[in-house]
Amino acid sequence: MSNMTLDTTPEEVPKRKLLLIVEDDKPYRQMFTELFGKEGYEVEIATNGSMAVEIANRKVPALILLDILMPVMDGFEMLKEFKSSEKFKDVPIIVLSNLSADSEIKKAKELGATEYIVKSNISVKEVVEIVKKYLAQA
Amino acid sequence: MKKNTSNASSVSVDLTSGDKFGSIVELKSSEKKYRKLFETANDAIFMMTADKFVDCNPQTLKMFGCATKADIIGHHPSEFSPEFQPDGKRSTTQARRLINAALDGKSQHFYWKHTKLDGSLFDAEVSLNKLVLEGEEYLQAIVRDVSPQKEVERSLVESESKFKAVVENSQSIIFLLDENLHFMLSEGKELSVLGLKPGEVVGQSALDIYKDYPVVLKHLKSALGGTFVRDNIQIQDVYFDAFFSPWKDKDGNARVIGMAHDITQQEIAKKRLQEIDKLKTQFLSTASHQLRSPLGTMRWKLEMLLESKEKENCPELYASMKDVYELNLRVVNLVNSLLDVSRIEQGELQTHAEELDISALIEEILEELAERAKAKDLAIVKNIAECKHVFADKNQIREALQNVFSNAIKYNKKQGCIRIDLAQNNGSLILHVYNTGVTIPENEHHRVFEKFFRAESAKNLDVEGSGLGLFVTKSYIEAAGGSITFASPIEFTPTIEDSHPVEGTLFTISLPVKE
């Protein structure tokens with residue numbers, strides 16, 4: 001899969017911006033790494049919320065992709081933590097989860113999520129486009 | 001009584017002794033009167049000694065079924081009685097006792113079972129009085145046939161005992177309350193589940209006994225006011241299916257008649273079923289979520305593979321991969337439908353109403369489905385009017401319309417047709433979706449919107465379907481305050497210009513319009 005390409009143009013994307021991916025599911029983590037690393041972004045992966053806080057404390061991310069169901073600190077708690085912090089409150093957070101109940105979407109939005117995406121209902125192409133859009137704005 | 005007795009004696013003197021006592025004018029006139037009375041009386045009147053009849057009036061002959069006086073006179077009364085009286089005592093013994101008591105000067109009045117000459121029985125009321133004539137002791141007997149009254153009495157007793165038996169042996173609780181809601185009757189074996197004995201609360205006020213059960217009091221008052229109420233009520237740990245009926249007694253007093261049947265076991269079973277159903281729904285929800293992770297991963301991986309340059313090198317592999325990808329999407333959709341169902345069943349359906357451009361939404365969906373319609377070479381005819389002011393949840397309405405349009409394609413025949421009419425009238429948006437696909441047999445009509453239902457005719461088509469689409473569609477349309485119905489088979493003309501109607505199925509969606 002190493003020589004696969006997506007309809008993206010890495011040259012236009014600022015390279016030094018940090019994309020922080022918070023995901024505990026291994027296959028997803030591998031895919032994210034493959035997808036975005038190849039795009040030339042600085043990609044950091046955390047497997048839970050508190051690990052994400054540590055990484056963010058070292059370097060403020062330009063965008064966070066956040067799963068909800070995770071051990072230690074779940075996505076909701078992490079949203080709360082980031083959005084109440086002066087340092088991180090402006091970092092856009094896109095929730096990428098397989099939870100899809102109205103109540104969960106509403107909760108995430110109320111906690112400050114920029115977008116809420118149900119993973120299985122979106123194509124990989126669309127995810128990349130969304131990420132690129134936000135990183136371009138950052 | 002005494003006077004009668006003496007008069008009767010004078011009558012009998014004349015009758016029995018003829019001219020024996022001579023004649024006085026006054027006496028003769030009196031005698032005539034009493035003879036008339038004696039002969040025309042409706043009661044049997046006769047004279048007897050301790051052991052035989054000595055004279056009788058015509059009614060006696062009639063009552064005892066005798067042709068002449070000779071059939072009676074000289075016979076003992078017990079000859080006109082059955083061997084035993086209804087109380088089980090021997091007639092001869094009993095008759096002797098009564099005759100002797102009367103002869104002792106104590107007038108006797110009693111009920112007696114008599115027999116006629118032919119042996120048939122009748123019920124009688126008998127009066128026995130002592131007379132003394134010329135130093136001889138006689139008894140005057142007046143016998144009244146009371147068979148009809150006895151018959152009525154018997155049937156009343158029988159009916160009451162039947163009623164009593166029914167009430168007392170009733171499993172259900174039966175109660176009657178007066179206008180002040182005091183118990184007049186409380187019977188039924190199930191009283192024991194409340195720790196009560198039959199009749200125990202009679203005289204007590206239901207307002208006191210059920211003061212902690214406002215629902216019971218409310219129903220009792222409603223029934224007193226003339227309204228019939230049926231409800232499931234809970235008293236202590238017991239569930240009852242209870243009726244409260246208004247009633248008026250013969251004097252017009254308001255009463256409440258009620259019946260309550262213990263349905264605790266059924267309620268417990270129902271609750272358990274509900275719990276199991278809830279668990280099932282939760283399981284469905286959890287399992288679906290769990291499925292989403294690997295399915296989503298698979299989807300992205302397949303998409304990445306399909307985008308890779310390798311596809312040119314191995315077209316067969318690429319085609320197979322594309323098939324797998326399509327299958328993956330189908331399972332993703334199925335999981336989404338299952339999650340929709342579990343959400344609907346858990347009552348967690350939330351709607352976010354916004355103003356919708358339905359005609360644009362229809363075009364958008366048709367655009368998405370265009371490839372599939374083209375594959376079947378379907379003609380799509382649209383008569384779409386502009387519709388405004390429809391407020392509903394966009395995602396839900398989109399999914400509902402998608403299901404209906406997708407079905408119209410999926411179950412259609414090759415080179416068939418779909419006609420879509422959208423119009424707005426009388427505060428409603430009406431969308432008709434006709435298709436020339438399989439019709440739904442009438443015996444399956446009632447199940448079309450049930451979950452997991454698929455019409456036999458649809459199954460035979462070898463078309464994939466979960467049986468969830470229309471269930472979800474109906475839930476979403478109804479959540480928006482609308483309705484969905486169908487007609488199948490139905491004849492329609494694909495376009496106004498067409499003169500030949502075709503057969504198919506019509507789904508009609510109605511949504512409210514806010515002016």
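The values are calculated or read from the model by the stated rules, or taken from the named source; none is laboratory data. No experiment lies behind these values; they were computed from the predicted model shown. So basically every Cβ, Gly included, is an ideal-geometry build from the backbone, and we count neighbours across all protein chains shown. The area values use the complete protein model at the heavy-atom level, side chains included, leaving out ligands, DNA and RNA. Shrake-Rupley method; radii C 1.70, N 1.55, O 1.52, S 1.80 Å.
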Query raised in the report: So what's the back-of-envelope 222 nm ellipticity for the protein assembly as shown, counting only DSSP H runs of four-plus at -39500 (n - 2.57) apiece and dividing by all residues, rounded to 500?
Result: -13500 deg cm²/dmol
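On average, how much accessible surface per residue is there in the protein assembly as shown, in Å², for a 1.4 Å probe, leaving out ligands, DNA and RNA? Kindly include the intermediate steps, with their values, before the conclusion.
Working: 34910 Å² over 653 residues.
It amounts to 53 Å² per residue over the protein assembly as shown.
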Requested in this report: Specify the inter-centroid distance of the range B:339-403 and the range B:195-259, based on alpha-carbon positions, in whole Å.
Outcome: 52
Report summary line: For the pair A and B, the solvent-accessible area buried on both sides (1.4 Å probe; DNA, RNA and ligands excluded), in Å² to the nearest hundred, is 2300
Query raised in the report: What nm distance separates the two modelled labels at residue B:348 and residue A:50, each placed 7 Å from Cα along Cα→Cβ?
Result: 2.8
Query - Neighbour-limited loop hits for trypsin sites (Lys or Arg not before Pro), the range B:237-316 (at most 13 other Cβ within 10 Å; DSSP other than H, G, I, E, B) - result: B:250, B:309
Query - Additional length obtainable on full extension of the chain from residue B:478 to residue B:310, 0.36 nm per residue less Cα span - result: 55.7 nm
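Please give me the summed charge of the neighbours of residue B:147: other residues whose Cβ is under 13 Å from its Cβ, Lys and Arg +1, Asp and Glu -1. Don't skip to the end; give the middle numbers.
Details: positive: B:113, B:116, B:144, B:150, B:154; negative: B:123, B:125, B:145, B:151, B:153.
My count for the surroundings of residue B:147 gives 0.
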**Report entry** Debye intensity ratio I(q)/I(0), log10, the range B:58-180, q values 0.14 Å⁻¹ (C-alpha model)
**Finding:** -0.72
Query raised in the report: How far, in degrees from 0 to 90, does helix B:264-307 lean away from the longest principal axis of the Cα atoms of chain B, to the nearest 10?
Result: 10
Report summary line: Here P(r) for the range B:188-338, Cα-Cα distances in 10 Å bins, as whole percents, is 9, 23, 16, 10, 9, 10, 10, 8, 4, 1, 0
Query raised in the report: Once the Cα atoms of helix B:358-375 and of chain B are each reduced to a long axis, what angle between those two axes, in degrees from 0 to 90 to the nearest 10, is obtained?
Result: 70
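Tell me the net charge near residue B:167. Cut-off is 12 Å between Cβ atoms, residue B:167 excluded, with +1 for each Lys or Arg and -1 for each Asp or Glu. Can you show the working numbers first?
Working: positive: B:162, B:164, B:189; negative: B:160, B:168, B:187.
The answer is 0.
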Query raised in the report: FRET efficiency for residue A:110 and residue B:330, Cβ-Cβ distance as r, R0 = 45 Å, nearest 0.05?
Result: 0.85
Query raised in the report: Other chains near A:113-122: what is the mean number of their Cβ atoms within 10 Å of each residue's Cβ?
Result: 4
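Rounded to the nearest 0.05, what FRET efficiency do residue B:323 and residue B:234 give with R0 = 41 Å and r taken as the Cβ-Cβ distance? Could you check? Before the final figure, lay out the partial values.
On the way: r = 58 Å, r/R0 = 1.41.
For residue B:323 and residue B:234, the calculated efficiency is 0.10.
Cβ neighbours within 10 Å, averaged per peptide: list B:85-92, A:56-63 in order, most packed at the top.
On the way: B:85-92: 13.0, A:56-63: 17.0.
Averaged packing, sorted descending, gives the order A:56-63, B:85-92.
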Query raised in the report: Which percent of the accessible heavy-atom area of the range A:49-138 goes to carbon and sulfur, probe 1.4 angstrom?
Result: 52
Report task. Write out the GluC sites (Glu not before Pro) in the range B:138-244 meeting two conditions: DSSP loop, and at most 13 other Cβ atoms within 10 Å of their Cβ. Result -> B:179, B:200
Query raised in the report: Going from most exposed to least, what order do B:374, B:394, B:106 have by accessible area with a 1.4 Å probe?
Result: B:374, B:106, B:394
Report task. Using only Cα positions of the range B:204-256, each an equal point scatterer, no hydration layer, compute I(q)/I(0) via Debye at q = 0.22, 0.29 Å⁻¹ and quote the log10 values to two decimals. Result -> -0.84, -1.17
Report task. Pop the C-beta distance of residue B:167 and residue A:77 into the FRET formula with R0 = 60 Å and round what comes out to the nearest 0.05. Result -> 0.35
Query raised in the report: Relative to the longest principal axis of chain B, what angle (0 to 90°, nearest 10) does the C-alpha long axis of helix B:2-17 take?
Result: 60
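Averaged over B:331-341, how many beta carbons belonging to a partner chain fall within 10 Å of each residue's beta carbon? Write down the numbers at each step before the final one.
On the way: counts 1, 4, 2, 0, 4, 4, 0, 0, 5, 1, 0.
Mean partner-chain Cβ count within 10 Å for B:331-341: 2.
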Report summary line: With label points set 7 Å from each Cα along the Cα-to-Cβ direction at residue B:274 and residue B:52, the distance between them in nm comes to 8.9
Query raised in the report: Where q = 0.05, 0.07, 0.13 Å⁻¹, what log10 of I(q)/I(0) comes from the Debye formula for chain B, counting one point per Cα?
Result: -0.54, -0.70, -1.14
Requested in this report: Heavy atoms only, probe 1.4 angstrom, no DNA, RNA or ligands counted: give me A:134, B:34 ranked by accessible area, highest first.
Outcome: B:34, A:134
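Grab the Cα-Cα distance for residue B:415 and residue B:100, subtract it from 0.36 nm times how many residues apart they are, and report the gain in nm with one decimal. Intermediate results must be reported in sequence, preceding the final value.
Working: separation 315, 0.36 × 315 = 113.40 nm, distance 11.38 nm.
Extra length from residue B:415 to residue B:100 when fully extended: 102.0 nm.
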Report summary line: For residue B:411 the rounded accessible area (nearest 10 Å², probe 1.4 Å, non-protein molecules ignored) is 40
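Could you work out, residue by residue across B:301-308, how many beta carbons of other chains sit within 10 Å of that residue's beta carbon, and then give the average as an integer?
Working: counts 6, 1, 6, 9, 2, 2, 7, 6.
Mean shielding by partner chains, rounded to a whole number: 5.
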Query raised in the report: Considering only the other residues whose Cβ falls under 9 Å of the Cβ of residue A:120, what net charge follows from Lys and Arg at +1 and Asp and Glu at -1?
Result: +3
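Using heavy-atom solvent-accessible surface (probe 1.4 Å) with all chains present, what is the largest-first order of B:498, B:212?
Details: B:498 65, B:212 115 Å².
The ranking, largest first, comes out as B:212, B:498.
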Report summary line: antiparallel share of DSSP beta bridges within the protein assembly as shown, to nearest 5, in %, is 80
Report summary line: Rounded to the nearest 10 Å², the 1.4 Å probe accessible area of residue B:417 is 10
Query raised in the report: Ignoring ligands, DNA and RNA, what percent of the accessible area of chain B is carbon or sulfur (1.4 Å)?
Result: 53
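Based on the Kirkwood radius over alpha-carbon pairs, what value in µm²/s does the Stokes-Einstein equation return for the translational diffusion coefficient of the protein assembly as shown at 10 °C and 1.306 mPa s?
Numbers: Rh = 35.3 Å.
Using the Kirkwood radius from Cα pairs, D works out to 45 µm²/s.
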Requested in this report: Determine how large the accessible area of residue B:68 is when every protein chain is in place; take a 1.4 Å probe and give Å² rounded to the nearest 10.
Outcome: 70
Report summary line: Straight-line reach check, residue B:301, cutoff 17 Å on alpha carbons, 8 or more apart in-chain or any other chain, hits among lysines -> A:26, A:38, A:119, A:125, B:309, B:311, B:322
